[in-house]
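Values in this text are rule-based calculations from the coordinates and carry no lab data. Computed from a predicted structure; not experimentally measured. Note that we place each Cβ from the backbone using ideal geometry, even for glycine, and neighbour counts take in every protein chain shown.
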Amino acid sequence: MELTREKVLEALKRVVDPEIGIDIVNLGLVYDVKIEGGRVHIKMTMTTPGCPLYATLMKSAEEAIKALEGVEEAKVELVWDPPWRPEMMSEEAKEKLGYF
């Protein structure tokens, strides 16, 4: 089975921010997914630089990727550029949070 960006994003949808109750993909926290053979590298951010759950969310994201068939290595990089904005959320997340 081929490892694809879509499969990685589906796996990351199982990583839910416990404070907000929405997954990191729909929150717009995942900025980039790169796949090279069995190595997966993602760039993600947090809603705020002072997010107390950053380590938990990053570890959960790494574990979700590693659980995929064909993944030999998973790297999660925390980035702050561009800064996260509520507009980055999916329509589903905006609706759930009443952001209209």
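Things to note:
- Using the Cβ-Cβ distance between GLU6 and LYS66 with R0 = 30 Å, the FRET efficiency computed as 1/(1 + (r/R0)^6) comes to roughly 0.95.
- Size of electric dipole in the chain: Cβ of Lys, Arg +1 and of Asp, Glu -1, about Cα centre, debye, nearest 20: 120
- The range 3-58: C-alpha pair distances exceeding 17 Å, %: 34
- Helix axis angle, 54-66 relative to the chain longest principal axis, alpha carbon, degrees: 40
- Lysines with Cα under 27 Å of LYS75, excluding same-chain neighbours fewer than 8 positions away: LYS7, LYS13, LYS34, LYS43, LYS59, LYS66
- According to the Cα-based calculation, Rg over Rh for the range 31-73 is 1.03, with Rh computed by the Kirkwood formula.
- For the range 1-52 and the range 54-94, distance of Cα centres in Å: 3
- Calculated over the chain: convex hull of Cα atoms, volume per residue (Å³): 90
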